[in-house]
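Participant: Shown below is the structure under consideration.
The values are calculated or read from the model by the stated rules, or taken from the named source; none is laboratory data. All values reported here derive from a predicted model rather than from experimental measurement. For neighbour counting, all protein chains shown are included, and Cβ atoms are generated from backbone atoms with ideal geometry for every residue, glycine included. Calculation scope for accessible area: heavy atoms of the full protein, side chains included, ligands and nucleic acids excluded. Shrake-Rupley method; radii C 1.70, N 1.55, O 1.52, S 1.80 Å.
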Amino acid sequence: MQEKVKDAPSSQFKWVGTRAVRPDGVDKVTGRARFGADLAMPGQLVGKVLRSPHPHARIRAIDVSAAANLPGVKAVVTRDDFKDQPSEFIPAGEMMINYRDVVRNVMAREKALYEGHPIAAVAATSTSIAKQALKLIKVDYEVLPHVIDVVDAMQPGAPLLHEDMITAGVEPAPKTPSNVAKRVEFGHGDVAAGFAQAEIIVERAFTTKPVHQGYIEPHACVASVSEDGQADVWVTTQGHWIVRAHCARLLGWDVGKVRVTAAEIGGGFGGKTVVYLEPLALALSKKARRPVKMVMTREEVFRASGPTSGAHVHVKIGARKDGRIVAGEAELKYQAGAFAGSPVQPGAMCAFAPYDLENVKVVGYDVVTNRPKVAAYRAPGGPISEFAVESVIDEIARKLGMDPIALRLKNAAKQGTRAAYGPKFGPIGFVETLEAAKAHAHWRTPLQKNQGRGVASGFWFNIGGETSVSLQLNEDGTLSLTAGTPDIGGLRASLCMMAAEELGVDLDRIRVQIGDTGQLGYNFLTGGSRATFSSGMATVEAAREVIKEACKRAAKLWELPEDAVEYMSGGVRPAGANAGKHAPMTLSDIAGIAGKTGGPIAGYARINAHGAAPSFATHIADVEIDPETGKATVVRYTAIQDAGRAIHPSYVEGQYQGGVAQGIGWALNEEYIYGPDGRLQNPGFLDYRVPVASDLPMIDTVIVEVPNPRHPYGVRGVGETPIVPPMAAIANALADATGVRFTDLPMSPPKVLAALDEARAAGTAKM
Amino acid sequence: MRYEAPNTLDQAVALLAAELGEARVLAGGTDLLVQMRTDVIDPVLLVDIKGIAETRQIREEAGGFRIGAAVTGAELKEYPRLGSVWPGVVEAANLIGSTQIQGRATMGGNLCNGSPAADSVPALIAAGARASIVGPQGRRDVAVEDVMLAPRKLSLAKGEIVASFLLPAKPPRTGDAYLRFIPRTEMDIAVVGCGICLTLDARGACTAARVSLGAVAERPLLVAEAARVLTGNEALPVLLQKLDAAARAACRPIDDKRGTKDYRIKVAGVLARRAAQIAYQRARES
């Protein structure tokens, strides 16, 4: 569906652009909202997972007999309960999946590939019995050498995770297996020729650590399989149709036999787009013939659910003295965890996306290591490559003595620019974010002692995809709206507002819910910042169907042709030559006569939403450094981003702020710490340091609106781009304050102090 | 697992002494329960001491304060005068955890958890606090610096309980302070902690000092050399530089997930200087 944008200013809308009360708010603040672990069923069992203590081991044998015979244990499952799957990569939103690997990730088969890899699962009548049963399972491991670091994993002779892995994307195909799953390349022009024109070239190597999405709610589900094979799952997820598809495939069941209901979600950020517990809970429930509830501990979340990649990135950029970039080149090595499928491809596509470059080349490698398989995390892949590129661009600006915003403006992608990853951009708002940054008071405010200021920009594609929405007109004129993309960032409020706007009714006339997989056609998951865009587009279409039907019913009643009835301000009236012939009827009036004029009225939209448009951002960070301890504190932050159009500005601002908060954690303290034994040492929020509220400044936001012409209200996705710029903005601020370029994340106090001391010894430190 | 909540120290001691398996004392539980939940420990007996009067009271004694081992951080903060007499101790105890944790966490638990990074312990050591320990052989008083020996290892005999602490009468012109370094602003474990208490003469020169460092060795340290340099005759900036050096020299830290050896040593010197400056200020104002 392609619509013309309503290009009137937002104030001309009654609902769109307002800060309406959120429909999910009361339930959340009163504790009524039911999250993944809140559902309890009669006769429910507790499911627990036995996990590998080894980062890499061949599983010779698993003996579950003692566990199965323990009183209170009702079912045990292992690899033997899941059929093997053929190897084939299929797109799953922003990531690719391969069922051969998915079946091995939910339950180890030949080998345990990371500490925490599931080996067996039990269902028992209590948690303590389930835990006792796990201790009774005997696993015969042949412990193998492991590899944790991405560069080590690429070395010849590194321990091989998959003995048959031949690097894809290399011609001719390598003859020997390695841990490199895939090579990708993007770009255009001739970088060598570009660098030959350069008057300044900056080349740097960067490393980033895997970071976890850090959702507060751990993975949780309840599964119930009846004797006749009807299966139900209640789960915290970003996509219940995806859960249904994966579970049906892994268990060999008909899709229609599995119904999945998405619980209220306590954070996802991409990490709840995959299955971990659900297939196990279903398999256990089928065996036990009782409902099975499984909830991960925080430790399990860290040891066994996907963070995003850690990476090694090399960037080289050449420019003329006037700041025009003549060539950009990057090499990305992303670790995927135990199975292929890091976000190196989107990372490679994003790296130079904000810039209009004639010569650009990005090569990426997808590398397996003995860590949990990575999952999508907010703009998967983008923050890593863009951190490196935005750091080098800042360094070029400093070396040229140019304002970093001016340098970006000189090279900024605009409508018609051919993106480094191929396509030409439509209308985009990158320049507008840079102009807004330049005009912002923050950019001009003097810094205090030991402070530095950094600026960085960011890009994310955003996606559309399969979407279904139903909108029922109830008999009293109220409306029931059912969408299928779980609400992780304000979807329900935004959908109601767009429906109310279309229908010309008050917001409180519409009640919205997220339907289960039996209630709507297929919905792709909430990811790629697609939910407000896609479900919004479908909602508008459904609302227009209701309007069309309302006109039809009035026409029937008034005995007029359908096109002689128009819909205005929440009701119908005779139009044109017939104007005034009949008194206008409200939508409630129409609802009241629905039965007599043809039956219930509803709109139902099932679309593949096309026309998603990228969102660009520019962030400004002020950082203060304690020169004696190396501790960096973000003291002021401004996030400026193109939203296309902000349906509910508070939610959009919340997305900007949330992305920045996570980016500050990524920049300063978050990291997975592994010992030489390949075991994770910090599987908890005490030592995996996400920022706490007092670590953050007030994060100021500016919403730039360059409407997306392919959405009825101009929506772009906004959820992911905000996590892209913070790492570079903070690194650039640190460089400003200290004179030291930081290239390794996180920029934690010990690293900052060591680098400062080194620079002081060399006489290059600014403090 | 058995849970007991006796009302007297004698009963508690008897329960602990009689148990052959792993027995643990439960005060606030902010460490113990977490360790049980994460399968670090699996005790067969928990003896909750919060029903025992002495462990839950603060009272003034011998010009100082007797503080029950199970008094919470929030209660310390609210007790009149305690925070103005021994601000370093109260601030240190109040650094532990969140507001919610403050409603449960205790100094007795903080000490007996046996972590070298416990925040309240260097502050208690600097203040010259003594632990009153009750066991099958009766009651004994021990300097706080002598309670912990190594990580998870205390000098308590089987059946012994830390019942209370005595913070001594504070001499005139005396101030204490505690600072810790964490990568965040709160909700974290000290990478380095430093408690200092010092006494000035009428001219403002330091005549006595106690300096304690946390998280830089297998146990919280009382650093005699650091205290000695503070009582020297040099100008304050010189004294502080010497203190910095003495604090660094006393460190014997490890590299771990919370910090490197080098980093801990450097920061110990920085915190010693900064804590000393606060303690000086407080001593002058007291």
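Participant: May I ask you to find the residues of the range B:242-269 that are shielded by at least 50 Å² of accessible area once the whole protein assembly is considered instead of their isolated chain (probe 1.4 Å)?
Facilitator: Listed by number, the residues meeting the 50 Å² cut-off are B:Lys257, B:Tyr263, B:Lys266.
Participant: Eigenvalues of the Cα gyration tensor times 5, then square-rooted: what semi-axes does that give for the protein assembly as shown, in whole angstrom, largest first? Could the numbers behind the result be given before it?
Facilitator: Values: eigenvalues 548, 274, 196 Å².
They are 52, 37, 31 Å, listed from largest to smallest.
Participant: Turning to a different aspect of this structure: Relative to the compact-globule scaling 2.2 N^0.38 Å, provide the ratio for the alpha-carbon radius of gyration of the range A:397-479. Working shown, then result.
Facilitator: Working: Rg = 21.1 Å, N = 83, 2.2 N^0.38 = 11.8 Å.
Taking N as the residue count of the range A:397-479, the ratio is 1.79.
Participant: Given the peptides A:347-357, A:592-602, B:26-36, arrange them by the average over their residues of other C-beta atoms within 10 Å, most packed first. Don't skip to the answer; put the middle values down first.
Facilitator: Values: A:347-357: 27.6, A:592-602: 15.0, B:26-36: 19.5.
Output ranking for A:347-357, A:592-602, B:26-36: A:347-357, B:26-36, A:592-602.
Participant: First measure r as the distance between the Cβ atoms of A:Ser65 and A:Gln519, then evaluate 1/(1 + (r/R0)^6) with R0 = 60 Å and state the FRET efficiency to the nearest 0.05.
Facilitator: Working: r = 43 Å, r/R0 = 0.71.
That gives a FRET efficiency of 0.90.
Participant: Ok, one more. Hey, could you grab the Kirkwood Rh for chain B? Inverse mean 1/r over distinct alpha carbon pairs, Å, one decimal. Can you show the working numbers first?
Facilitator: Working: mean 1/r = 0.0526 Å⁻¹.
This gives a value of 19.0 Å.
Participant: Please compute the modelled spin-label separation between A:Lys257 and B:Ala53, points set 7 Å along Cα→Cβ, answer in nm with one decimal.
Facilitator: Here the answer is 6.9 nm between the modelled labels.
Participant: Largest first and in whole Å, what are the equivalent-ellipsoid semi-axes of the range B:52-167 based on the Cα gyration tensor, each being the root of 5 times an eigenvalue?
Facilitator: Values: eigenvalues 83, 52, 34 Å².
Largest first, the range B:52-167 gives 20, 16, 13 Å.
Participant: Once the other residues with Cβ under 14 Å from the Cβ of A:Thr738 are scored (Lys, Arg +1; Asp, Glu -1), what is the net sum?
Facilitator: Numbers: positive: A:Arg398, A:Lys449, A:Arg453, A:Lys631, A:Arg741, A:Lys751, A:Arg760, A:Lys766; negative: A:Asp394, A:Glu395, A:Asp622, A:Glu624, A:Asp626, A:Glu628, A:Asp736, A:Asp757, A:Glu758.
Taking every other residue near A:Thr738 into account, the sum is -1.
Participant: With every protein chain kept in place and ligands, DNA and RNA left out, what is the accessible area per residue of the range B:174-285? Probe 1.4 Å, answer in Å². Could the numbers behind the result be given before it?
Facilitator: Details: 4380 Å² over 112 residues.
On a per-residue basis, 39 Å².
Participant: Would you calculate, for chain B, the mean residue ellipticity at 222 nm contributed by helices, counting each DSSP H stretch of 4 or more residues as -39,500 (n - 2.57) and dividing by all residues, to the nearest 500? Can you show the working numbers first?
Facilitator: Values: 12 runs with 103 residues, N = 286.
So the helix-based figure for chain B works out to -10000 deg cm²/dmol.
Participant: Let me ask something else about it. Dipole magnitude of the range B:174-285 about its Cα centre, charges +1 at Lys/Arg Cβ and -1 at Asp/Glu Cβ only, in debye to the nearest 20?
Facilitator: Values: 18 positive and 12 negative charges, 22 e Å.
Taking the Cα centre of the range B:174-285 as origin, the dipole is about 100 debye.
Participant: Of A:Met727, A:Val367, A:Ile673, whose Cα points farthest to the positive end of the dipole of the protein assembly as shown (charges on the beta-carbon: +1 Lys, Arg; -1 Asp, Glu; origin at the Cα centre)?
Facilitator: Value: A:Ile673.
Participant: Pull up the cross-link candidates among the lysines for B:Lys261, meaning alpha carbon to alpha carbon under 17 Å and not fewer than 8 places away within one chain.
Facilitator: A:Lys631, A:Lys751
Participant: Continuing with this model, one more query. What's the longest piece of chain B with no exposed GluC sites (Glu not before Pro), counting a site as exposed if DSSP puts it in a loop and it has at most 16 other beta carbons within 10 Å? Intermediate results must be reported in sequence, preceding the final value.
Facilitator: Numbers: sites that count: B:Glu22, B:Glu186, B:Glu218, B:Glu234.
So the longest stretch without any such site is B:23-185.
Participant: When the accessible area of each residue in the range A:729-764 is compared between its chain alone and the complete protein assembly (1.4 Å probe; ligands, DNA and RNA ignored), which residues differ by at least 10 Å², being lower in the assembly?
Facilitator: Residues passing the criterion (a loss of at least 10 Å², heavy atoms only) are A:Pro749, A:Pro750, A:Leu753, A:Asp757.
Participant: Dipole size in debye (nearest 20) for the range B:52-167 around its Cα centre, Lys and Arg Cβ +1, Asp and Glu Cβ -1? Mind showing how you got there, number by number?
Facilitator: Values: 12 positive and 11 negative charges, 55 e Å.
In total the dipole reaches around 260 debye.
Participant: Turning to a different aspect of this structure: So what is the orientation-averaged projected area of the range A:574-643, using the convex hull of its C-alpha atoms, in nm²?
Facilitator: Details: hull surface 48.4 nm².
That works out to 12.1 nm², a quarter of the Cα hull's surface.
Participant: Mark the label point 7 Å from the Cα of A:Arg32 along Cα→Cβ and return the residues of the range A:245-267 whose backbone N is within less than 18 Å of it.
Facilitator: Counting backbone N atoms under 18 Å from the label point, the list is A:263-265.
Participant: For the interface of A with B, what's the total buried accessible surface in square angstrom, probe 1.4 angstrom, rounded to the nearest hundred? Display every interim value, and only then the final one.
Facilitator: Numbers: alone 28180 and 12920 Å², together 39090 Å².
The summed interface area works out to 2000 Å².
Participant: With a point put 7 Å past each Cα toward its Cβ, work out how far B:Lys77 is from A:Arg183 in nm, to one decimal.
Facilitator: 5.9
Participant: Which of B:Gly88, B:Gly108, B:Leu156 sits closest to the plus end of the dipole of the range B:52-167, meaning its Cα is farthest towards the positive end, when Lys and Arg get +1 and Asp and Glu get -1 on the C-beta?
Facilitator: Of the listed residues, the answer is B:Leu156.
Participant: Right, something else. Carbon and sulfur together cover what percent of the accessible area of the protein assembly as shown at a 1.4 Å probe radius?
Facilitator: On the way: 20320 of 39090 Å².
Carbon and sulfur together cover 52 percent of it.
Participant: To the nearest 20 debye, what charge dipole does chain A have about its Cα centre, counting +1 at the Cβ of each Lys and Arg and -1 at the Cβ of each Asp and Glu? Intermediate values should be presented prior to the final figure.
Facilitator: On the way: 83 positive and 82 negative charges, 153 e Å.
Dipole about the Cα centre, nearest 20: 740 debye.
Participant: Same structure again: Using protein chains only and a probe of 1.4 angstrom, how many square angstrom of B:Lys170 are accessible, to the nearest 10?
Facilitator: B:Lys170 exposes around 60 Å² with every protein chain in place.
Participant: Solvent-accessible area per residue for chain A at a 1.4 Å probe radius, Å²? Don't skip to the answer; put the middle values down first.
Facilitator: Details: 27160 Å² over 767 residues.
Roughly 35 Å² per residue, with all protein chains present.
Participant: Identify all aspartates and glutamates with a Cα-Cα distance to A:Lys321 below 16 Å; exclude those on the same chain that are fewer than 8 residues away in sequence.
Facilitator: Within the straight-line cut-off, A:Lys321 pairs with A:Glu199, A:Asp394, A:Glu395, A:Asp403.
Participant: Could you work out the local net charge near A:Asp232, counting Lys and Arg as +1, Asp and Glu as -1, over the other residues with Cβ closer than 13 Å to its Cβ? List each step's numbers first, then the result.
Facilitator: Details: positive: A:Arg244, A:Lys257, A:Arg259, A:Lys286, A:Arg290, A:Lys293; negative: A:Asp228, A:Glu278, A:Asp516.
Spelling it out: positives minus negatives among the neighbours equals +3.
Participant: For the range A:305-319 and the range A:225-298, compute the distance between their C-alpha centroids and round to whole Å.
Facilitator: Between the Cα centres of the range A:305-319 and the range A:225-298 lies a distance of 34 Å.
Participant: Over the range B:174-285, with a single point scatterer placed on each C-alpha, what log10 of the ratio I(q)/I(0) does the Debye formula yield at q = 0.13, 0.18 1/Å?
Facilitator: -0.44, -0.79
Participant: Still on this structure: Return the long-range amide H neighbours of A:Ala765 (sequence gap of 5 or more, or a different chain), with a cut-off of under 5 Å between placed amide H atoms.
Facilitator: Amide H neighbours of A:Ala765: A:Arg760.
Participant: Between the range A:524-540 and the range A:570-619, how far is it from one alpha carbon centroid to the other, in angstrom?
Facilitator: With the range A:524-540 and the range A:570-619 each reduced to a Cα centre, they are spaced 20 Å.
Participant: Can you give me the Cα centroid spacing of the range A:86-121 and the range B:183-260 in angstrom?
Facilitator: 52
Participant: Continuing with this model, one more query. Please go through the residue pairs A:Lys111/A:Lys175; A:Lys373/A:Lys410; A:Lys138/A:Lys286; A:Lys83/A:Lys138; A:Lys399/A:Lys438 and name each one whose alpha carbons sit more than 29 Å apart in this structure.
Facilitator: Numbers: A:Lys111/A:Lys175 23 Å; A:Lys373/A:Lys410 40 Å; A:Lys138/A:Lys286 23 Å; A:Lys83/A:Lys138 22 Å; A:Lys399/A:Lys438 20 Å.
Long pairs (Cα-Cα over 29 Å): A:Lys373/A:Lys410.
Participant: Largest first, please: the extent of the C-alpha atoms of the range A:196-273 along each principal axis, to the nearest Å.
Facilitator: Projected onto the principal axes, the Cα atoms of the range A:196-273 cover 73, 29, 16 Å.
Participant: Where does the charge balance sit around A:Ile620 when Lys and Arg score +1, Asp and Glu -1, over other residues with C-beta under 14 Å from its C-beta? Could the numbers behind the result be given before it?
Facilitator: On the way: positive: A:Arg408, A:Lys438, A:Arg444, A:Arg453, A:Arg636; negative: A:Glu390, A:Asp394, A:Asp403, A:Glu435, A:Asp622, A:Asp700, A:Asp736.
Within the 14 Å Cβ shell, the charges total -2.
Participant: Have a look at A:Gln197, B:Val34, B:Gln11 and report the one farthest towards the positive end of the charge dipole of the protein assembly as shown, computed about the Cα centre with Cβ charges (Lys/Arg +1, Asp/Glu -1).
Facilitator: B:Gln11
Participant: At a cut-off of 30 Å², which residues of the range A:694-709 become less accessible once all protein chains are present than in their chain alone, using a 1.4 Å probe?
Facilitator: Buried on complex formation: A:Ser694, A:Asp695.
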